[in-house]
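Data block below; observations after.
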Amino acid sequence: MSSEPPPGSGQQPPEDDPFRKRPPGEQPGEGAGSPYDPRYPAGGPGGGQGPYEGPPSGGQGPYEGPPGGGPYGGSPYGGGSYPTDPLAGMPPLADSGKRTLARIIDMILVGVVVWLLTWGFGVNEYDVDSDRIEVGKSFWQSGVAAVLYIAYDTLLTARTGQTLGKKLLHMRVANLDDGATPSAQNALMRAAVLWIPFAFCCACVWTAISGGWSFFDRPYKQGLHDKAAKTVVVSTN
């Protein structure tokens, strides 16, 4: 079974990424073991076989599927030779309610910075003077908000998979195909889909639609921004 992520999923996760899912057939000493269960270092207790390496006879592991790419093959986005469930070996998906709370925390933190910057330059959301709205100033503030929100989300997600809100509530963003921390490209895509409409046109409505999608999406609980970047949000507890 190929351990390479499907085409278009971003760069290959580095070998030292602590969240990268290990191939089922990885031999003792070739990796750091499962990052999701500290009870099983590489090779299993006592240097024996790991919990997912298959029978001693060298047969197939429980997640490899039948030979020839049968009904268990294929990644969730097509191509490759991946198990039916790409979440196998990853922590449980994060609760959608906790995701919403983490997003509110992030919005407040970045919103305070946006307000301080624009207030320092004498820019309000709307300046009404003689029944006239200064649209230019409003657009300038929206631009500042978009840049700061996208930069905040992209940098922290690409670095650890966690914004401050997610870190406080013990969850992180992971690639759907391999469980690794998203690349900068995927993190930017995810942030742009979420924050550009939020900043320029329909803040509350778009946040409710994009983030609230995870309440109804099955089986991966993805928001629209997750679908664009092919990511999921998992618990770190």
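Listed values, structure above:
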| item | result |
| --- | --- |
| From ILE108, ILE133, residue being open to solvent by 50 Å² or more (accessible area, probe 1.4 Å) and either at pLDDT 85 or above or under 28 Å from LYS227 (Cα atoms) (or both) | ILE108 |
| Single residue of LEU156, LEU148 found to be modelled with pLDDT of 95 or more and either hydroxyl-bearing (Ser, Thr, Tyr) or in a helix (DSSP H, G or I) (or both) | LEU156 |
| Of all residues in segment 183-192 being open to solvent by less than 40 Å² (accessible area, probe 1.4 Å) and in a helix (DSSP H, G or I), the one that is farthest from PRO92 (Cα to Cα) | ALA192 |
| Leading residue by the ranking (modelled with the lowest pLDDT) among those in segment 69-88 that are closer than 27 Å to PHE215 by Cα and in contact with an Asp or Glu (Cβ under 9 Å, 6 or more places away or on another chain) | TYR72 |
| Given (1) assigned to a helix (DSSP H, G or I); (2) under 13 Å from the mean Cα position of the chain (by Cα), index of the condition ALA199 fails | (2) |
| Filtered residue count, segment 202-237, keeping only those that are within 22 Å of VAL147 (Cβ to Cβ), in contact with a Lys or Arg (Cβ under 9 Å, 6 or more places away or on another chain) and not in a helix (DSSP H, G or I) | 2 |
| Restricting segment 193-229 to residues that are of a type in the set (Phe, Trp, Tyr), open to solvent by 40 Å² or more (accessible area, probe 1.4 Å) and touching a residue at least 24 places away in the same chain (Cβ under 8 Å), the residue that is farthest from PRO182 (Cα to Cα) | PHE200 |
| Subset of segment 180-227 [aliphatic (A, V, I, L, M) and closer than 19 Å to GLN162 by Cβ] | ALA180, ALA184, ALA187, LEU188, MET189, ALA191, ALA192, VAL193, LEU194 |
| Inter-residue pairs, beta-carbon under 6 Å, first touching a residue at least 40 places away in the same chain (Cβ under 8 Å) and of a type in the set (Gly, Ala, Ser) and in segment 145-173, second assigned to a helix (DSSP H, G or I) and open to solvent by 30 Å² or more (accessible area, probe 1.4 Å), 6+ apart | ALA146/ILE196; GLY165/ILE105 |
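The values are calculated or read from the model by the stated rules, or taken from the named source; none is laboratory data. These numbers come from a predicted model, not from an experiment. Ideal geometry is used to build each Cβ from the backbone, glycine not excepted, and the neighbour counts take in all protein chains shown. We work out accessible area using only protein heavy atoms, side chains counted, and drop any ligands, DNA or RNA first. Shrake-Rupley method; radii C 1.70, N 1.55, O 1.52, S 1.80 Å.
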